[in-house]
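Below you'll find the structure, written out as structure tokens, and then a few comments.
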Amino acid sequence: MTEAPLTDIAAVIRSKNAGPYELTLDIMFKDEKHYRFLKQIDYFTRELFAGLYGISVENILKVVYFDPASAVKCTLVRSLVSGSIGDSDVYGAQQHAPLLFLKVPVAD
Amino acid sequence: MKNDSFKVLSPTAILGYGFPERSFVRGIEKRPDLIAVDAGSTDPGPYYLGAGKSFTSRSAVKRDLELMLGAALELSIPCIIGTAGGCGAREHVAWTEAIIQEIAREKGYRFKMAVIYADVSKAEVLRALGQGRVSPLHPAPQIAAEDVENSVRIVAQMGAEPVFKAMESGPQIVLCGRCYDPVPFAAPAIMKGFDPGLAYHLGKILECAAIAATPGSGRDCVMGTLYMDSFELESLNEERRFTPTSTAAHTLYEKSDPFHLPGPGGSLDLCATRFEALDERRARVSGTRFIPADPYTVKLEGVKHAGFRAISIGGIRDPILIGQIDSVLTQVKGQVSEALGSTDTLLFHVYGKDGVMGKMEPEKNRLSHELGLVIEVIAGDQEQANAVCSYVRSTLLHYGYPGRISTAGNLALLYSPSDIPCGDVFEFSIYHLMQVDDPEALFPIEISEVGP
């Protein structure tokens with residue numbers, strides 16, 4: 001199977017708070033074809049995100065495929081509530097970096 | 001026919017973020033039925049609710065409001081402001097109301113204004129807690145009476161019902177405390193008989209103004225037109241457009257699940273939503289449904305006081321120190337431990353290592369050629385926080401780590417003074433749903449005549 005860097009086939013890779021207790025990751029694909037393939041093989045699992053962020057699978061709340069935007073969304077539990085003592089990203093806007101190094105399968 | 005459509009002008013994503021006057025004027029020329037704006041967010045963190053302060057500047061909010069009020073009065077249409085002052089507590093509402101009164105005085109405007117408050121007393125929350133009417137929004141933990149007692153300020157997100165009631169007296173301006181973000185955009189349309197699912201979905205998009213357009217912007221104007229079976233979105237700046245993808249993608253923004261969006265009294269179901277191109281620049285949306293919930297719940301937001309903060313910022317460029325930074329910071333922590341009170345917290349944020357992602361940082365063994373260090377101390381009073389921060393900073397500055405050859409100092413301190421008192425620290429303590437029998441009762445309305 002051929003692989004491609006996620007950054008080559010995604011238009012948007014971002015993180016943000018979904019309320020103060022959750023962090024949500026969005027990946028939007030440039031081309032519906034790549035999105036459909038990855039959805040079909042269910043590439044984006046809770047286990048995948050748990051591994052990338054070094055957290056337990058229970059802390060990955062859900063992974064959702066959203067066809068109208070050719071997008072995948074993963075929502076996880078913030079290890080620290082936004083703005084609480086020790087938190088280092090109040091808006092949760094810079095937690096997407098582990099996704100930038102991902103190589104994903106693409107249809108031949 | 002006028003009654004078959006309802007036009008809503010959204011000037012900006014947050015009141016005070018600004019917008020190009022040209023876009024706004026183009027919107028006004030299209031004769032909207034309503035100007036609405038969202039002024040709030042929990043994104044800036046717990047401080048602003050705790051301190052009763054706005055995260056936007058007074059001059060920027062005044063500038064935006066001057067244009068909006070002027071246009072609303074000229075067209076004789078309502079202007080609705082949601083989550084006044086950023087957090088929508090009484091202090092935030094009063095801050096915004098004073099700006100509105102100042103504008104009215106300066107411009108000689110006279111109009112009727114409805115103000116809706118969203119503060120919830122501790123007694124009210126305690127009563128609800130005792131009756132089992134308060135439940136946490138996962139993953140927030142369940143709260144006890146003590147958490148309610150320790151909160152400094154609690155607000156509830158109002159639904160559309162208090163706005164319906166406020167609109168009955170025909171106000172020009174409706175100034176809302178904390179409210180569900182789409183409400184200012186959707187409530188007047190729902191009153192006129194438009195579908196709540198479509199009205200709230202339109203509100204969800206308009207509350208972020210042109211963020212859902214491409215290229216996106218939180219500082220530009222959008223017109224949303226609601227019909228009985230759909231709504232349309234148009235950027236009021238020719239450089240932007242709404243495409244089916246940009247419009248659909250917005251549903252993901254800051255939400256955990258794009259198909260089900262819960263709010264006061266029900267949730268939006270997007271499972272059958274269709275996003276279509278109306279032409280090159282406009283998108284049409286249909287099929288979104290509102291599913292009423294029983295019992296009716298409102299979201300509570302509360303914060304507690306967590307101490308006082310002082311910080312010091314320094315850089316490290318010495319590779320001998322950088323190579324053993326973790327152990328040096330651990331040793332320094334040990335050495336200063338006797339100066340730390342039992343309730344004091346000392347944190348080191350090491351930028352260039354894991355300052356952004358902390359424990360979730362996957363690149364655990366890579367270090368930059370220079371590190372940025374923030375020493376953070378939180379204590380029970382400001383004086384103690386300052387004293388501990390100063391002690392930690394000077395200990396680290398002169399600490400004799402193994403192999404040290406740079407014996408004059410370990411930190412490139414960024415400023416003089418090197419230590420910065422930051423004041424109050426707050427933390428979110430309540431993020432819960434509360435069941436209510438009457439969606440209006442929590443939100444008192446005051447009607448007044450504004451102006452000379």
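Annotations for the structure displayed:
- Qualifying residues in the range B:42-69 (those that are on the phi < 0 side of the Ramachandran plot and of a type in the set (Gly, Ala, Ser)) - the one least open to solvent (accessible area, probe 1.4 Å): B:Gly50
- Checked against the criterion of being acidic (Asp, Glu), without any contact (Cβ under 8 Å) to a residue 60 or more places away in the chain and open to solvent by 10 Å² or more (accessible area, probe 1.4 Å), the candidates B:Glu106, B:Glu97 yield just one match: B:Glu106.
This table checks each residue for (1) closer than 23 Å to B:Phe428 by Cα; (2) hydroxyl-bearing (Ser, Thr, Tyr); (3) in a loop (DSSP other than H, G, I, E, B).
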residue: A:Val63; (1), (2), (3): no, no, no
residue: A:Leu76; (1), (2), (3): yes, no, no
residue: A:Leu80; (1), (2), (3): yes, no, yes
residue: A:Asp89; (1), (2), (3): yes, no, yes
residue: A:Gln94; (1), (2), (3): yes, no, yes
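- Against the numbered list (1) facing another protein chain (nearest Cβ under 10 Å); (2) open to solvent by less than 40 Å² (accessible area, probe 1.4 Å), A:Glu32 comes up short only at (2).
- Single unsatisfied condition, B:Ala72 versus (1) open to solvent by less than 10 Å² (accessible area, probe 1.4 Å); (2) under 26 Å from B:Glu254 (Cβ atoms); (3) in contact with a Cys (Cβ under 9 Å, 6 or more places away or on another chain): (2)
- The condition of being more than 8 Å from chain B (Cβ to nearest Cβ) and either touching a strand residue (DSSP E or B) at 6+ places or on another chain (Cβ under 6 Å) or in contact (Cβ under 8 Å) with a residue 12 or more places away in the chain (or both) holds for only one of A:Gly92, A:Gly51, A:Gly83, that being A:Gly92.
- Any hit, the range B:402-425, residues being acidic (Asp, Glu) and surrounded by fewer than 19 Cβ atoms within 10 Å (Cβ to Cβ): yes
- When residues of the range B:240-255 are limited to those that are surrounded by fewer than 22 Cβ atoms within 10 Å (Cβ to Cβ) and not in a helix (DSSP H, G or I), the one nearest to the other protein chains (Cβ to nearest Cβ): B:Glu254
- Strands (runs of 3 or more DSSP E) contained in the range B:353-452 and holding at least 3 residues at pLDDT 95 or above and away from chain A (no Cβ under 14 Å): B:419-436, B:445-450
- Top-ranked residue in the range B:271-292 [being in a loop (DSSP other than H, G, I, E, B) and over 26 Å from the mean Cα position of the chain (by Cα); ranked as surrounded by the fewest Cβ atoms within 10 Å (Cβ to Cβ)]: B:Glu280
- Positions within the range B:184-207 being of a type in the set (Phe, Trp, Tyr), open to solvent by 10 Å² or more (accessible area, probe 1.4 Å) and in a loop (DSSP other than H, G, I, E, B), in sequence order: none
- Restricted to helices (runs of 4 or more DSSP H) entirely inside the range A:5-61, those with at least 2 residues that are more than 22 Å from B:Gly216 (Cα to Cα) and over 10 Å from the mean Cα position of the chain (by Cα) are A:32-40, A:46-53.
The values are calculated or read from the model by the stated rules, or taken from the named source; none is laboratory data. Computed from a predicted model, the values in this text were never measured in an experiment. Heads up, the Cβs are rebuilt from the backbone with ideal geometry, glycines too, and the neighbour counts pull from every protein chain shown. Remember, those area values only see protein heavy atoms, side chains included, never the ligands or the DNA or RNA. Shrake-Rupley method; radii C 1.70, N 1.55, O 1.52, S 1.80 Å.
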